[in-house]
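Chemist: To start, I am sharing the structure in question, which I have written as structure tokens.
The values are calculated or read from the model by the stated rules, or taken from the named source; none is laboratory data. None of these values were measured; they are calculated from a predicted model. We place every Cβ from the backbone using ideal geometry, glycine too, and count neighbours over all the protein chains shown.
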Amino acid sequence: MEPDVSIETSSMIRVAVLPIGHVPPVLLRDYHSMLLRHQTIPLSAISSFYTEHQKSPFSNQPWDSGSLRFKFILGGAPPSPWEDFQSNRKTLAVIGICHCPSSPDLDSVIDQFDSARRAYASALVDRCFAFCPGDSQLEDGSKKGGNLMLFPPADRATQEFHLQTMMQDIAASLLMEFEKWVLKAEPAGTIVKTPLDSQATLNSEEVIKAKKRRLGRAQKTMGDYCLLAGSPVDANAHYTTALELARLTGDFFWYAGALEGNVCALLIDRMGEKDSAVEDEVRFRYNSVISHYRKSFIQEHAQRVSPLTFELEATLKMARFLCRRELAKEVVGYLTSAADGAKSLIDASDRLVLYVEIARLYGTLGYQRKAAFFSRAVAQLYLQQDNRLAAISAMQVLAMTTRAYRVQSRASITEDSPSKKEIGSSLAEGGKMLHQSVVSLFESQWSTLQMVVLREILLSAVRAGDPLAAWGAAARLLRSYYPLITPAGQNGLASALSNSADRLPSGTRCADPALPFISAIQQEKTGGAGAANTGPFIYTPFSKGDANTNTKQELIWIVGEPVQILVELANPCGFDLRVDSIYLSVPSGNFDAFPVTVNLPPNSSKVVTLSGIPTSVGTVTIPGCTVHCFGVITEHVFKDVDNLLLGATQGLVLSDPFRCCGSARLKNISVPNISVVPPLPLLVSRVVGGDGAIILHEGEIHDLWISLANAGTVPVEQAHVSLSGKNQDSVISIASEILNSALPLRPGAEVTLPVTLRAWRHVLADADTAGRSGSGSTVRHSKDGSNPTLLIHYAGPLTNIGDPATNKSDVPPGRRLVVPLQICVLPGLSFVKARLLSMEIPAQVGGNLPKPVHIEDSPTEALSSPTKMDRLVKIDPFRGSWGLRFLELELSNPTDVVFEITVSVQLENSSHDHRLSGDRDAAEYGYPKTRIDRDCSARVLIPLEHFKLPVLDDSFFVKDNQADGANSGRNSSFSERNTKAELNASIKNLISKIKVRWQSGRNSSGELNIKDAIQAALQTSVMDVLLPDPLTFCFRLSRYALEEPENSSSHNSPNVQVHSDAAKGSVLAHEMTPMEVVVRNNTKEKIKMSLSITCRDVAGENCVEGTKATVLCSGVLSGITVEVPSLQEIKHSFSLYFLVPGEYTLVAASVIDDANDILRARARTKSSDEPIFCRGPPYHVRVVGTA
Amino acid sequence: MATTACFVIVSRNDIPIYEAEVGSAAKREDAAQLHQFILHAALDIVQDLAWTTSAMYLKAIDRFNDLVVSVYVTADIHTRLMLLHDSRNDDGIKSFFQEVHELYIKTLLNPLYLPGSRITSSHFDTKVRALARKYL
């Protein structure tokens, strides 16, 4: 059988193209391709070369439209035994091709050509084309003449023109030869034989029969030559005669041959136009051809020779003629019957040709799988021949089937199937995708077939000595089908891989990755989403959104700074896998990847950190890793593994390589888009004095020095410090101005940033555990979550200043440094309780009003006074009595250190002039330190003073008044509430001034946070502490008042020791003592009241009135109706006559008439009818006897 | 019972979702592979033929040597039940296909079965083999 047959083959002149001498293969192919352009030479073109020697037998030759066809056979072909039967099988011309530079001696070329063409006895014309001759050769060759044609070196177009001329010459010569042959054959009747004709002794009957047949066969042969000469009409005439004769003689074989020629002549005549009538005619005649070939089958010759090949060829010709999509069914029928014939073919090479042709025809029809099936059959036939060339052919044929079987090498996939790529990318973006599109990734996966094909490719590649193809096939086999391969088979493949690699030069790359499977996995820092997924629920509403946001995330890398990507490697096979090196593959080239070597035991997986350094600004895409394993370098694309894993979840893939290695389900991600930015500064922080947690007692104030060093290559130009995390208020101050003043911070420079901390309240849970452990010494680290963190945002210089077009308004990227302030809080002093202590010491009635002790007393003076405690006893200026008010704090020390407590009251410079301390600068009043030993308790007294407001006015009850102003007495609950709010504000204000500091050891100090406790203690009596009474009552002896007028109101008078004043005010018995009571109105309203004065003796009896009165009085003592203008005082004079010396107490009291709301609120009255009763403090009068 | 029979269900996207050698002949690996190759190649013919007829049972549509491929196409054209056999028991094959089709529909109704994925149910396998014994 012959390859590439078609109906028109009968009209083609076979030309052997032989290389003469050494012709480099590339050039030979080039020259051959030049020849191929001249497969069809029109008759009109050769008329100039044609000379009619005698009357042409081709009387109907179409000189204007006809043509000669050539079939060039490179390397020639051995003579066929059937060439008498079909003249187109004869090699009718020989063309030698010589490349002059490699064969300098033209004589030897001529000799070689002569000997070569001698093998082609049937050749009618021979020429030797010598290309690229040198000058001497040109000279030499022109003398030689003969068959040697020299093609002088020229450009391609000239050479082609030259060649065309030569071919036209050959065509003309052939035509003349055909004429000669036909003329010679007609009268003589050449004997033509086929292998079918018995060579055995012919009996007489057969000889007669053969003579009869001879005429028909001669006619058929002449028809063949007519066809070759391009004259279909002449051919048809001869064939018609031949058909008649063959039918008469029962020569079915030749009948079929003539009919074939007849059809060919018909087609040539129609010049290739195919209408349905022609098609039907061809179909009809060819079916007859096929049946006649079948009829000519002679049983006795079956072992030796069979016309089957002609039948099959005819079937293939028919199929090729009809080979169109619309007629697919019919063609398939012909091809199926042709395939059936393969069994009966004796010659293996015939079968090979048959399968090749069937595969090609199926391929033309678009039946890729059918084509692949027969291609594989071809490959199997090749593999049966045990030689290297056959193996190479087998390998190449199998490579063609890989597409249909979906086992392509990645190298061949790259261009085709853009749709698949799109799917892959959409998959990477979308995160979730439709089942259908997942399925389409695994379309047509017949794993059994794929494995067989790959194994055959491997086998043929090994035999063909192509280690790279073998490696690729073994890699594909191992990677895709490891679950179907036994461990022994896996080992075999592994050794096949290494054996192939041994024969490859080192550094060979292969498009097909082998093992391991590599998948990019999530960095663990975003474990939140992962944790949500590992919950007990199949569905978590949070996981989906997370998946989307995670895939969308973008990374920014910085030039020159190492980065890391986590990948998971899996070896699901039963052998030890050594990955010689693995590194990130970056096609964009602006990344230096660092290789890593990994060993993977059988059925194992490993998480590996791959790192590298971006080298230039731009984008970095990381499609996968480059792996050097089994001696070959391969690219492993992450997306493939992602697709594989998706397929595994959909039940489309045999197994998930990671899961079958028993790896925990790590969340695999697609590597996001990465952009690389210019170098940024890099701050490195260090806590001076060690990075360990600082152990602080509750409330301890501690200074911390954080040293920041620029480890980058660019100066820090901008920086901003902020806080985050819990307990932010524990950071009292950050000296960010030090950082700012240090800017720009050059690379390598360092700056130290002081931070002041105050330890926060010890967490209750911690306190519990500390208490349970028995002693307070347990160092229990508080949870990390409660630490505040220092955030430093910083950036380098602006880039591209010279190019304003590109950096319109883009802010250069900056960085954030997170400095966790590691603090461990220990329980410090613990607060037990607080309460308010107050006492009143009655004043002596003297000549003067008791003078208020003012806070303008300078501290130095206070310190210089002999008894410090005296200073604490102060006259309440509004009450007129000696008042002492302390806030007592009970503190216990559960720790093992000693604390010293300092109480101070901070008075700030206030702009409110109604403050008593209004004109003072901030000052602190120190009191003696209190020492609390370990495991001891102590009480600390905080004197409450300086807090009184000078005036009882509506500013205190401002809301209250407004409400009353709108509609008086409407609802007291509302005003009550307002009052409370105001009160609270005042209390807070008061409390914030009280600081309780402690010190422990040399360098540990802090402040107690006891605001709440103080507030609780003061809550009930705050009004008394803060507000003055509405009225102040004072008693004095009138005579002293006369002596020292105006002195009482003077606030500037130097401090006078109070008791010395009081000493002067002693009263003599039996003497009229003029006295006066001073009533001062502390409100801004006029107060109308009825004042009464009582005098009591030591026993508390009223000694003015009654029967046993020991004190006589002149003047009104009770029911005195007076009116006091606002902020003024009035005097009421009276005289007392003490009969008995001793101690007496004078008390003034008054009932306020028409009290307003302020007074009511102050007096805490419930109803508006209740009389407001004001009582002054008691005054002592010491009456001494006259004796 | 047929000596050679190979039954395959091919999903849309041409993935074999169920494969079974149901012949009585001794199992040989290379033969089984050949059967699959023939069935795979026959898909080309099925894809054209399925659109030319309204019948679901396409009869014998392809052959290679003595092995005949019969195909039954479900109504949505996507799923093809293909049988490679060497016997000519047309009626039996038709009944076999119809019953397997019913089984396949039952599988599809399983909410846990993802259409287009491999049928791994052993129940299905047992039933198919029983049907093969009965009809082929």
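Chemist: Spot the failing condition for A:Thr158; the list is (1) surrounded by fewer than 15 Cβ atoms within 10 Å (Cβ to Cβ); (2) closer than 19 Å to A:Phe72 by Cβ, and only one is missed.
Modeler: (2)
Chemist: Check B:Tyr18 against each of (1) in contact (Cβ under 8 Å) with a residue 24 or more places away in the chain; (2) farther than 28 Å from A:Ser344 by Cβ; (3) within 8 Å of chain A (Cβ to nearest Cβ) and name the one condition it does not meet.
Modeler: Evaluating B:Tyr18 over (1) in contact (Cβ under 8 Å) with a residue 24 or more places away in the chain; (2) farther than 28 Å from A:Ser344 by Cβ; (3) within 8 Å of chain A (Cβ to nearest Cβ) leaves (3) as the failure.
Residues are listed down the side, and each one gets a yes or a no for (1) more than 16 Å from A:His1180 (Cα to Cα); (2) surrounded by fewer than 20 Cβ atoms within 10 Å (Cβ to Cβ); (3) modelled with pLDDT of 80 or more:
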site: A:Gln1128; (1), (2), (3): yes, yes, no
site: A:Leu1146; (1), (2), (3): no, no, yes
site: A:Val1151; (1), (2), (3): yes, yes, yes
site: A:Asp1154; (1), (2), (3): yes, yes, no
site: A:Arg1162; (1), (2), (3): yes, no, no
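One line per residue, one yes/no per condition, for (1) at pLDDT 85 or above; (2) more than 10 Å from chain B (Cβ to nearest Cβ); (3) closer than 23 Å to B:Trp51 by Cα; (4) assigned to a helix (DSSP H, G or I):
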position: A:Ile346; (1), (2), (3), (4): no, yes, no, no
position: A:Tyr355; (1), (2), (3), (4): yes, yes, no, yes
position: A:Ile358; (1), (2), (3), (4): yes, yes, no, yes
position: A:Leu361; (1), (2), (3), (4): yes, yes, yes, yes
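Chemist: Also, I was wondering about something else. Inspect the range A:683-701 for any residue being in a loop (DSSP other than H, G, I, E, B), at pLDDT 75 or above and out of contact with any Lys or Arg (no Cβ under 9 Å at 6 or more places or on another chain) and give the result as yes or no.
Modeler: yes
Chemist: Condition check: in contact with a helix residue (DSSP H, G or I) (Cβ under 8 Å, 6 or more places away or on another chain), aliphatic (A, V, I, L, M) and in a strand (DSSP E or B). Does A:Ala719 satisfy that?
Modeler: For A:Ala719, the condition - in contact with a helix residue (DSSP H, G or I) (Cβ under 8 Å, 6 or more places away or on another chain), aliphatic (A, V, I, L, M) and in a strand (DSSP E or B) - is met.
Chemist: With respect to A:Asn491, is the statement that it is modelled with pLDDT of 80 or more, closer than 16 Å to A:Leu600 by Cα and not in a strand (DSSP E or B) true?
Modeler: yes
Chemist: Just checking, does the range A:404-415 include any residue being at pLDDT 80 or above and under 27 Å from A:Thr336 (Cα atoms)?
Modeler: For the range A:404-415, residues at pLDDT 80 or above and under 27 Å from A:Thr336 (Cα atoms): present.
Chemist: Across the range A:582-610, what is the total count of residues that are among the hydroxyl-bearing types (Ser, Thr, Tyr) and surrounded by fewer than 16 Cβ atoms within 10 Å (Cβ to Cβ)?
Modeler: Residues in the range A:582-610 being among the hydroxyl-bearing types (Ser, Thr, Tyr) and surrounded by fewer than 16 Cβ atoms within 10 Å (Cβ to Cβ): 3 in total.
Chemist: With the condition kept exactly as written, say whether any residue in the range B:28-38 is over 23 Å from A:Thr402 (Cα atoms) and either away from chain A (no Cβ under 14 Å) or assigned to a strand (DSSP E or B) (or both).
Modeler: No.
Chemist: Could you go through the range A:490-498 and let me know if any residue there is without any contact (Cβ under 8 Å) to a residue 12 or more places away in the chain and not assigned by TED's automatic domain parsing to the domain that holds A:Asp576.
Modeler: The answer is yes; a qualifying residue exists.
Chemist: Is it the case that some residue within the range A:279-297 is more than 14 Å from chain B (Cβ to nearest Cβ), of a type outside the set (Lys, Arg) and not in a helix (DSSP H, G or I)?
Modeler: yes
Chemist: For the condition touching a residue at least 24 places away in the same chain (Cβ under 8 Å) and either within 26 Å of A:Ala390 (Cβ to Cβ) or in contact with a Gly (Cβ under 8 Å, 6 or more places away or on another chain) (or both), what is the one hit in A:Asp269, A:Asp251?
Modeler: Criteria check complete, one pass: A:Asp251.
Chemist: Hey, another quick one. Test A:Thr634 against the stated conditions and say whether it is over 30 Å from A:Val677 (Cβ atoms) and within 14 Å of another protein chain (Cβ to nearest Cβ).
Modeler: When the stated conditions are applied, A:Thr634 does not pass them.
Chemist: So A:Arg325 ticks every box in (1) more than 14 Å from chain B (Cβ to nearest Cβ); (2) modelled with pLDDT of 80 or more but one. Which box is left unticked?
Modeler: Tallying (1) more than 14 Å from chain B (Cβ to nearest Cβ); (2) modelled with pLDDT of 80 or more, A:Arg325 fails exactly one: (1).
Chemist: Please work out if B:Val68 is assigned to a helix (DSSP H, G or I), more than 10 Å from chain A (Cβ to nearest Cβ) and among the hydrophobic types (A, V, I, L, M, F, W, C).
Modeler: no
Chemist: What residue, among those in the range A:592-619 that are more than 15 Å from A:Val567 (Cβ to Cβ), modelled with pLDDT under 85 and in a strand (DSSP E or B), is farthest from the chain's Cα centre (by Cα)?
Modeler: Checking each candidate, the answer is A:Asp592.
Chemist: So which residues in the range A:446-503 are closer than 20 Å to B:Gln36 by Cβ and among the acidic types (Asp, Glu), if there are any at all?
Modeler: The one that is closer than 20 Å to B:Gln36 by Cβ and among the acidic types (Asp, Glu): A:Glu456.
Chemist: Go through (1) within 14 Å of chain A (Cβ to nearest Cβ); (2) not in a loop (DSSP other than H, G, I, E, B) for B:Ile119 and report which single condition fails.
Modeler: (2)
Chemist: Tell me the residue from B:Lys94, B:Lys127, B:Lys106 that is away from chain A (no Cβ under 14 Å), in a helix (DSSP H, G or I) and loosely packed, with under 15 Cβ neighbours inside 10 Å, please.
Modeler: The unique qualifying residue is B:Lys106.
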